[in-house]
Amino acid sequence: MAFDFDLFVIGAGSGGVRAARFAAGFGARVGVAESRYLGGTCVNVGCVPKKLLVYGAHYSEDFEQAQGFGWSAGQPTFDWPTLIANKNREIERLNGIYRNLLVNSGVTLVEGHARIKDPHTVEIEGKAYSAAHILVATGGWPQVPDIPGKEHAITSNEAFFLKALPRRVLVVGGGYIAVEFASIFNGMGAQTTQAYRGPLFLRGFDQAVREHLRDELTKKGIDLRFNTDVARIDKQADGSLKATLKDGSVIDTDCVFYATGRRPMLDNLGLENTAVKLRQDGFIEVDDEYRTAEPSILAIGDVIGRVPLTPVALAEGMAVARRLFRPEEYRKVDYQLIPTAVFSLPNIGTVGMTTEEARAAGHEVKLFESRFRPMKLTLTESQEKTLMKLIVDAKTDRVLGVHMVGPDAGEIVQGIAIALKAGATKQVFDETIGIHPTAAEEFVTLRTPVAQ
């Protein structure tokens, strides 16, 4: 039968837009539906506005450290509404860019909620659109556990639009969003507590990284509470909140921010009208080419619950477009050696295996570590330290993992990720001449393994 579109994408986030643009560029007839905002989570309530807030939070330290270099700027003041207004203006600009990217690529953009009626039909605002292939790229959504008083809590969705900076904040969670927002609120001047149910946050990261960040955040005045969780939240007569923890302690606060996980956004999507299957954790089940159990329906990005990172969704979107419409250029997404950053203060940058993963995989490892006070801080009172770590296979000399906690960690590790992708050995690192004086040169001057 003849279809209205060769590909119809539900969701104009990073992955969906990438798939749509390139499929159209390959000559396909492409439609995209979006019910919220162009650019998805990353552009609107994720990595982009978060990074802007992280930049803003770091200025408190910059002003303080400038005194060591002879600068005297008086007593700085911070205005939260100004930051949020400027952030909103930038996001609106990016929304426009995403719109132009789609329209200028020849994609038909339909704004409204899309519901799948059958394996080849999507309905939006009462109008049906048929497609040979339907791509679900609806992303994820933050969730708050079902506890008494959950309605008083906020998530990252709301945090970006707070009218005022809370005086006291309780951050609940131990993932990257939690530690990032703990750093943001603390840097802006809020009295910040972070509670996590496990013994140490950032599960899955290298143990040395986790411990180093714990120590640095403690130095910065964040009250870290591990092995506990919130039992209930009660609103007080003055509008403040009382969070009772499971260990019996009580935290008086003005804001409870939850970052305890995200669910796939499948609300009223109509998957029950298809053969699409969900995993036990609720994410869409796909094969290694992003096909669901319904042959005509594919899914990518956060909604499949693999690696919830924007660049990964972009790669998946590209893979789908190529496989369907430019098969001679198709190649599978390589999920090995994916670099990532956590924009806590200080930042984390990491690529490759952790020490624990390397040992579990049977590698005999050599560990190289350096902890030092960055040169920029030597004229200041700041005692923040940077951590750099290499994990090396003792038999092959191949570098298995690179980890950093410190300023611009993401910028530095991005470049090193290319070396790991190319199979660099420790000898290659050793023979690379450093750029002096930089923090990054430490990665090519680590000579002595640390005690195991």
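Sequence-distant contacts, meaning Cα pairs under 8 Å at least 6 residues apart, place the relative contact order of segment 137-203 at 29 percent.
Against the longest principal axis of the chain, how steep is helix 176-188, in degrees 0 to 90 to the nearest 10, with axes from Cα atoms? Here the helix axis deviates by roughly 50 degrees. Could you tell me the distance between the Cα centroids of segment 270-312 and segment 214-262, to the nearest Å? The two parts, judged by their Cα centres, are 34 Å apart. Based on DSSP H segments of at least four residues, each scored -39500 (n - 2.57), the chain has a per-residue ellipticity at 222 nm of -9000 deg cm²/dmol. Pairs exceeding a 29 Å alpha-carbon distance, out of K163/K277; K366/K421; K220/K246; K163/K376; K235/K277: K163/K277; K163/K376; K235/K277.
The phi-based Karplus calculation (6.51 cos²θ - 1.76 cosθ + 1.60; θ = phi - 60°) puts the 3J(HN,Hα) values of segment 292-301 at 8, 5, 9, x, 8, 10, 10, 8, 9, x Hz, whole numbers, x for Gly and Pro.
In terms of its C-alpha gyration tensor, segment 1-86 has a prolate overall shape, because the principal axis ratio a/c (a ≥ b ≥ c, square roots of the eigenvalues) is not below 1.5 and a/b outweighs b/c.
Proximity of backbone amide H atoms, modeled 1.01 Å from N, is registered between R29 and D6, L7 at under 5 Å, excluding neighbours fewer than 5 places apart on the same chain.
Extension gain for R373 to Q75 (0.36 nm times residue separation, less C-alpha to C-alpha distance): 104.7 nm. For E285, the residues 5 or more places off, or on other chains, whose built amide H falls under 5 Å of its own are K277, L278, R279.
For a straight C-alpha distance cut-off of 20 angstrom, the aspartates and glutamates reachable from K426 (same-chain residues fewer than eight places away being disregarded) are D206, E356, E357, E364, E369, D393, D397, E441, E442. Out of all DSSP beta bridges with both ends in the chain, state the antiparallel percent to the nearest 5. That works out to approximately 60 percent antiparallel. Taking all Cα pairs closer than 8 Å and separated by 6 or more residues, the relative contact order of segment 160-267 comes to 31 percent.
In sequence order, segment 214-228 has phi-based couplings of 3, 5, 6, 5, 5, 4, 7, x, 7, 7, 8, 10, 9, 6, 8 Hz under the Karplus curve 6.51 cos²θ - 1.76 cosθ + 1.60, θ = phi - 60°, and Gly or Pro positions carry x.
Amide H to amide H, with H built 1.01 Å from N, L345 comes under 5 Å of S183, counting only residues 5 or more places away or on other chains.
Excluding ligands, DNA and RNA, the accessible surface per residue across segment 143-260 is 43 Å² with a 1.4 Å probe. Relative to the longest principal Cα axis of the chain, at what angle does helix 409-421 sit, 0 to 90 degrees, rounded to 10? Rounded to the nearest ten degrees, it is 70.
Distance between the C-alpha centers of segment 167-197 and segment 381-452? Whole Å please. Rounded to whole Å, the Cα centres lie 29 Å apart. Is the shape of segment 143-260 best called rounded, prolate or oblate, per the rule: a/c under 1.5 gives rounded, else a/b larger than b/c gives prolate, else oblate, with a ≥ b ≥ c the square roots of the Cα gyration tensor eigenvalues? Judged from the Cα gyration tensor, segment 143-260 comes out prolate (a/c at least 1.5, a/b above b/c).
Spatially, segment 314-337 and segment 98-136 are offset by 21 Å when compared through their Cα centroids.
Can you tell me the orientation of helix 14-25 relative to the chain, as the angle in degrees between its alpha-carbon axis and the longest Cα principal axis, to the nearest 10? With both axes taken from Cα atoms, the answer is about 50 degrees. A simple rule links phi to the HN-Hα coupling: the Karplus curve 6.51 cos²θ - 1.76 cosθ + 1.60 with θ = phi - 60°, which for segment 70-87 gives x, 8, 9, 10, x, 7, x, 10, 10, 10, 4, x, 5, 4, 5, 5, 5, 4 Hz, with x for Gly and Pro.
The values are calculated or read from the model by the stated rules, or taken from the named source; none is laboratory data. Bear in mind that the values here come from a model prediction, so they are computed numbers and not experimental data. These area figures cover heavy atoms from the full protein model, side chains too; ligands, DNA and RNA do not enter into them. Shrake-Rupley method; radii C 1.70, N 1.55, O 1.52, S 1.80 Å.
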